Structure formats: C-alpha cells, structure tokens
Amino acid sequence: MTDAAQTPETLFDRLGGEAGIRRLVDRFYDLMDLEPQYAGIRALHPSSLEGSRDKLFWFLCGWSGGPDHFVQRFGHPRLRARHLPYAIGIAERDQWMSCMVSAMEEVGVDEDLRPRLTQALFNTADWMRNR
Ligand code: HEM
C-alpha cells in the first residue's frame with residue numbers, strides 16, 4: 001500500500017492474511033513431519049499435528065497484527081509458560097527455526113520480509129529455551 005492516507009500494511013497483510021499464514025503453518029508442520037532433521041522437535045508434539053497447526057496459525061495471526069484468534073480462545077499467550085512442559089534447548093530452537101525458514105522459502109514469503117520475520121521469530125524461539 002503506497003497511499004499514506006491509508007492504514008499502513010501490517011505484517012499480517014504482507015504474509016497474505018489468514019490464507020497466507022495458514023499455508024506457511026501447514027508447510028511448517030508438513031516439513032516437521034516429513035524431514036528426519038526435525039525428528040527431535042516432531043517427537044515433542046502429539047501424534048496428530050492438527051491441534052498444533054491450528055494453535056500456531058491462530059497465534060501467528062494475532063502476532064503479525066491480524067485477528068487475535070489465539071487470545072480469543074485461550075487468553076494471554078504466556079508462550080514461554082506454555083512451552084515449559086517441553087525440553088527446549090539450542091538444538092530444538094535451531095530445528096524449529098530451520099523448519100520455519102524452509103517453510104517460508106517454500107511458500108514464497110516475500111524475500112524482503114524474510115530477514116525481519118526470521119529475526120523476530122528467532123527472538124521468540126530463543127526466549128522459549130528452558131534447558
Ligand atoms: C523453540 C522451539 C520450539 C519448540 C520445540 C516448540 C514446541 C512446541 C510444542 C511441542 C507444542 C505443543 C503442541 C500442541 O499442543 O499441539 C507447542 C505449542 C505451541 N507453540 Fe511452540 N515450539 C517452539 C517455538 C515456538 C515459537 C517460536 C512459537 C511462536 C512464534 C511457538 C508457538 C506455539 C504456540 C502458539 C503453541 C500452542 C500453545 C498452547 O496453546 O498450549 N512455538 N510448541
């Protein structure tokens with residue numbers, strides 16, 4: 001959007017709104033399920049990834065400036081507390097990021113956006129470490 005009189009585009013818009021974020025999350029979990037290098041973090045998840053897909057999708061919508069589906073359902077994200085049941089160290093953080101970076105590439109997230117998005121997600125992922 002170039003018209004300064006209009007609302008500036010949010011990260012949510014630039015990711016293609018709900019449809020774009022759903023595609024990204026679905027690819028992320030497909031890769032986690034398929035690729036042996038993500039077996040470590042795959043094993044932390046439930047056998048069915050359907051609930052995990054929904055939760056990450058709902059969370060990222062709000063996180064990127066779109067509708068706050070996650071908060072509407074579950075209240076404050078308390079993301080670090082919600083991850084405490086899972087052992088997350090450097091290896092798990094790096095698998096999560098690598099899986100997300102591949103998903104971003106594969107679904108074609110705007111190249112100009114990727115470095116900023118990667119940095120922001122890295123900060124969140126690093127904050128989730130509890131080992
Ligand atoms: C650092 C590596 C990470 C690992 C190993 C990890 C792993 C997990 C696991 C095992 C779950 C439970 C899945 C389920 O309940 O179905 C989960 C939940 C979740 N994760 Fe992560 N996660 C990581 C980083 C992140 C990051 C960076 C974000 C956000 C950008 C995120 C967002 C979420 C959300 C929103 C939930 C649902 C929380 C709930 O409602 O209980 N995770 N994660």
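Laboratory data are not the source of any read-out in this text; all were calculated from the coordinates shown. Everything quoted here is computed from the prediction, not taken from an experiment. Please note: Cβ atoms are built from the backbone with ideal geometry, for glycine as well, and neighbour counts cover all protein chains shown.
Classified by the C-alpha gyration tensor, segment 26-65 has a prolate form. Its axis ratio a/c, with a ≥ b ≥ c, is 1.5 or above, and a/b is larger than b/c. Note on GLU106 and GLU50: with the Förster distance fixed at 22 Å, the Cβ-Cβ geometry gives a FRET efficiency of about 0.60. Taking every alpha-carbon pair under 8 Å whose residues sit at least 6 apart, the chain reaches a relative contact order of 29 percent.
Rounded to the nearest 10 degrees, the angle from helix 114-127 to the longest Cα principal axis of the chain is 40 degrees.
Of the chymotrypsin sites (Phe, Trp or Tyr not before Pro) in segment 35-131, the ones in a loop by DSSP (not H, G, I, E or B) with at most 16 other beta carbons within 10 Å are TYR86. Shape analysis of segment 76-131 places it in the prolate category; the axes a ≥ b ≥ c from the Cα gyration tensor give an a/c of at least 1.5, with a/b above b/c. For the chain, what is the mean residue ellipticity at 222 nm derived from helices alone (per DSSP H run of n ≥ 4: -39500 (n - 2.57); sum divided by total residues; nearest 500 deg cm²/dmol)? That comes out to -19000 deg cm²/dmol. Taking the centroid of alpha carbons for each part, segment 23-66 and segment 78-106 are 9 Å apart. The share of Cα pairs per 5 Å bin across the chain, counted from zero up to the longest distance, runs 2, 10, 18, 24, 23, 14, 5, 2, 2, 1 percent. Restriction of the trypsin sites (Lys or Arg not before Pro) in segment 1-101 to DSSP coil positions whose beta-carbon has at most 15 other beta-carbons within 10 angstrom yields ARG78.
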